[in-house]
Amino acid sequence: MNINTVSTTAFADQRPGTSGLRKKVKVFQQPHYLENFVQSIFNALEGFRGQTLVVGGDGRYYNREALQIILKMAAANGFGKVIAGRGALLSTPAASCVIRKYKAFGGIILSASHNPGGPNADFGIKYNASNGGPAAENITEAIYKLSLAINEYHISDAPDIDIDNLGQQKMGDMIVEMIDPVADYADMMEQLFDFDAMRKLLGSGTFSMSFDAMNAITGPYAREILEKRLAAPAGTVLRAEPLVDFGGAHPDPNLAHAKELVSLMNASNAPDFGAASDGDGDRNMILGSHFYVTPSDSLAILAANATLVPAYAKGLAGVARSMPTSQAVDRVADVLGIDCYETPTGWKFFGNLLDAGKITLCGEESFGTGSNHVREKDGLWAVLFWLNILAVRKQSVAEIVKDHWQKFGRDVYTRHDYEGVATDGANALMQDLRARTGELAGQTFGSYRVEHCDDFSYTDVVDNSTSSQQGIRILFSNGARIVYRLSGTGTEGATLRVYIEQPEKDPAKLENDPQLLLSELIKLSASVAHIENYTGRHVPDVIT
Ligand code: G1P
Ligand code: ZN
C-alpha cells in the first residue's frame, strides 16, 4: 500500500451545522470535497495513531463510496483499526453504542438524518468523539477553520475493501473489521428493558403494534428486536428495507411525512401502538390508537414513568431538554425533586451533562429522546421505552397521556416551520427581533403580557463554554412562550421555526386541539415577528 499526498484547494462552505456537514450529494461528489472534510476532521484530532475509528451510516446514496474513501484516508493517516457496519450501515444510536462498547477513539457517521436521499438529494457526515456523542462545538469549529486552509490530504492507493461480509481484513497496517450493524445495539436494548413483560404484551393476542421504518436504517434493527427477540408478528415492521433513496420519501417521522402510519393509526381497526423512526434511526414518533403524542409530552411521560423500566428503576439523576422543547418535563422534574437543564438546540449540548452524570434522560421537541445509554438520541430506544411502560401499566397510550395531563397539567404545544425561505429575509427577521428584545419586554398583546424577552444564551455547567444567539424567546406572564430560530440542518435557503406553547390546567380544555387552544398566540407569533413581511409567507409549510 502506498500513501498518496494529494494537493487540494479549500472549499469555503464546510462549516458543520446543528448536526455535522450536510450538503447535496452532488456537492459531496465534487473532486476532493469529501476528502478535504475528512482530512480536516483528522487534522483537528490529536493522538489517534494506532487507535480505532468507527464508521457507518444510514444507508443513503453515496454511503458506500464514502466509506471506501474514509477507509483509505484512515489507513493513510495512521489509524490502527476501523470498525464499520456491514454494507456501510450503522444507525446513529448504534454507532454511538459501538464507539462506546469498543472504546474507539471516535467515529464518523454518514447521514443527513431525516433529509431525503438519492443522487439529487442530501448527504451528510459528522464526527463523534470517544464518548459516542457528536463532537463539541470547539471541535466542529476547529474542523471548519482547518477546512478553510487545507492544501493537501493523505489517502492510500489500496484497492476497495469488501464491505458486505463480516470479519477482519487488512489495508496496509490497518485492520478493517466489518461488524453486524444490529447485534451490539440489540444486545444493549435487551439489557435496558423488561423484554419478558414486553414479549408477553406483544404475544397476548389483545395488543398490536406497527412500526414504520420508512425504508431507512431502523428496518433491520426493528425486525431483529421487535419481530425476532420480542416475537411480535411478522409484518409489525413496515417499510423495513433500507433503500438508498428511502423509496423517494422524506424519512422524517412526523404527522406530515409518516402519512401511511398516521392513517393506519386513525383507521377503525387501528393498532394499539404505532411508532416510526427517521433516516438514521435517532428520531421517534409515538402514536396510540387515534392518538398522537407530542415529543415534548413523550419526554415528560418517559421521565414520570422511568422507574417502571429496569435500567432506570433506581430513579433519574436529572433531566434536560432543548430550549424550544415544551416545559412539560420541567414539571415532572419539579415533582421528582431532580434538576432540569435547558440547553440550546442540538444533541451535542447534552453530552457534557450525560458524561458528568447530571442527567439520565433528555430530549428535544423535534422527535428526539434519549438517555445515558448512548450519546445520541435514540428512536428505537424511545419506542421500546413506551412498549415497556405499556406492558407494565396495561393502559392505552391515550389513557397514559391523559392521566399525565391530569396530574401535571398540559403544555399545549405546536411548531410552525416556514421552509426554504430566502436567507436574507430570514436573517433580517431574526436581526429585527434581536434588536427589539429590550422593547418587547413589558408590552401587552391582547391577553398576553411579555414578562421577559431575550436571545437565548447557554453556559455549559461542566466546561463553562458559552453558546449565544440560540433563539429568540418571548416569555409571557402566564407561562406561555414563543420561540424563534433558524434551522441549522437545511441544505436549501433558510427554515424559520416558530415554537408556540401555553400551559393548560383547566380539565375541561385539556383534550382540545392545540391549534385552537393556541390560536391567539399563533396569530401573535406571526404579527410580532412580521413573518409575512420578511418571508413573503402567509402560512407555515409544516405544522407539528
Ligand atoms: C433539527 C432539530 C433539532 C435536532 C436537529 C438534528 O435542527 O430542530 O432539534 O437536534 O434537527 O436532528 P434544526 O434544523 O432546527 O437546526
Ligand atoms: Zn436523525
Residue that is closer than 16 Å to Ile143 by Cβ, crowded, with 17+ Cβ neighbours inside 10 Å and out of contact with any His (no Cβ under 7 Å at 6 or more places or on another chain), where the choices are Arg15, Arg22: Arg22
Subset of segment 238-247 (residues that are closer than 19 Å to Gly85 by Cβ and either surrounded by 24 or more Cβ atoms within 10 Å (Cβ to Cβ) or basic (Lys, Arg) (or both)): Pro242, Phe246
Selection within segment 479-496 - at pLDDT 95 or above and not hydroxyl-bearing (Ser, Thr, Tyr): Gly479, Ala480, Arg481, Ile482, Val483, Arg485, Leu486, Ala494, Leu496
Criterion (touching a residue at least 60 places away in the same chain (Cβ under 8 Å), under 26 Å from Ser96 (Cα atoms) and not basic (Lys, Arg)) met by exactly one of Leu226, Leu192, Leu201, Leu148: Leu192
Within segment 78-111, tally of residues that are crowded, with 24+ Cβ neighbours inside 10 Å and in a loop (DSSP other than H, G, I, E, B): 5
Answer residue from segment 112-137, given it is closer than 12 Å to Leu45 by Cβ and not in a loop (DSSP other than H, G, I, E, B) and is farthest from ligand 2 (Cβ to nearest atom) among those: Tyr127
Any hit, segment 101-109, residues being within 16 Å of ligand 2 (Cβ to nearest atom), over 16 Å from Asp184 (Cα atoms) and within 23 Å of the chain's Cα centre (by Cα): yes
Residue tally, condition outside any helix (DSSP H, G or I) and touching a residue at least 60 places away in the same chain (Cβ under 8 Å), over segment 395-416: 9
Only listed residue being small (Gly, Ala, Ser), surrounded by 20 or more Cβ atoms within 10 Å (Cβ to Cβ) and touching a Leu at 6+ places or on another chain (Cβ under 6 Å), chosen from Ala232, Ala216: Ala232
Residue ID - nearest to ligand 2 (Cβ to nearest atom), chosen from residues in segment 254-305 that are surrounded by 22 or more Cβ atoms within 10 Å (Cβ to Cβ), polar (S, T, N, Q) and assigned to a helix (DSSP H, G or I): Ser298
Asp506 vs. criteria over 15 Å from Thr294 (Cβ atoms) and either more than 16 Å from ligand 2 (Cβ to nearest atom) or aliphatic (A, V, I, L, M) (or both): yes
Residue count, segment 335-379 (criterion: part of a loop (DSSP other than H, G, I, E, B), surrounded by 24 or more Cβ atoms within 10 Å (Cβ to Cβ) and more than 9 Å from ligand 1 (Cβ to nearest atom)): 5
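Yes or no, residue by residue, for (1) out of contact with any Pro (no Cβ under 7 Å at 6 or more places or on another chain); (2) within 23 Å of Gly370 (Cβ to Cβ); (3) within 16 Å of ligand 1 (Cβ to nearest atom):
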{"site": "Met198", "(1), (2), (3)": "yes, yes, no"}
{"site": "Ser208", "(1), (2), (3)": "no, no, no"}
{"site": "Ala222", "(1), (2), (3)": "yes, yes, no"}
{"site": "Leu226", "(1), (2), (3)": "yes, yes, no"}
{"site": "Ala234", "(1), (2), (3)": "yes, no, no"}
{"site": "Pro253", "(1), (2), (3)": "yes, yes, yes"}
Residue count for segment 82-100, restricted to those that are more than 16 Å from ligand 2 (Cβ to nearest atom) and either under 14 Å from Arg375 (Cα atoms) or within 18 Å of the chain's Cα centre (by Cα) (or both): 3
Any hit, segment 381-398, residues being away from ligand 1 (no atom under 16 Å from the Cβ), of a type in the set (Phe, Trp, Tyr), within 28 Å of Lys509 (Cα to Cα) and in contact with a Leu (Cβ under 7 Å, 6 or more places away or on another chain): no
Filter pass, Asp164 being within 21 Å of the chain's Cα centre (by Cα) and among the charged types (D, E, K, R): no
Counted residues, segment 1-12 - those being out of contact with any His (no Cβ under 6 Å at 6 or more places or on another chain) and part of a loop (DSSP other than H, G, I, E, B): 6
Where a residue in segment 277-288 is at negative phi and its partner, wherever it lies, is among the β-branched types (Val, Ile, Thr) and within 13 Å of ligand 1 (Cβ to nearest atom), with Cβ under 6 Å and at least six apart: Asp280/Thr92; Asp282/Thr92
Residue that is surrounded by the fewest Cβ atoms within 10 Å (Cβ to Cβ), among those in segment 112-127 that are closer than 21 Å to Glu141 by Cβ and of a type in the set (A, V, I, L, M, F, W, C): Ile125
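The values are calculated or read from the model by the stated rules, or taken from the named source; none is laboratory data. Quantities reported herein were computed from a predicted structural model and do not represent experimental measurements. So basically every Cβ, Gly included, is an ideal-geometry build from the backbone, and we count neighbours across all protein chains shown.
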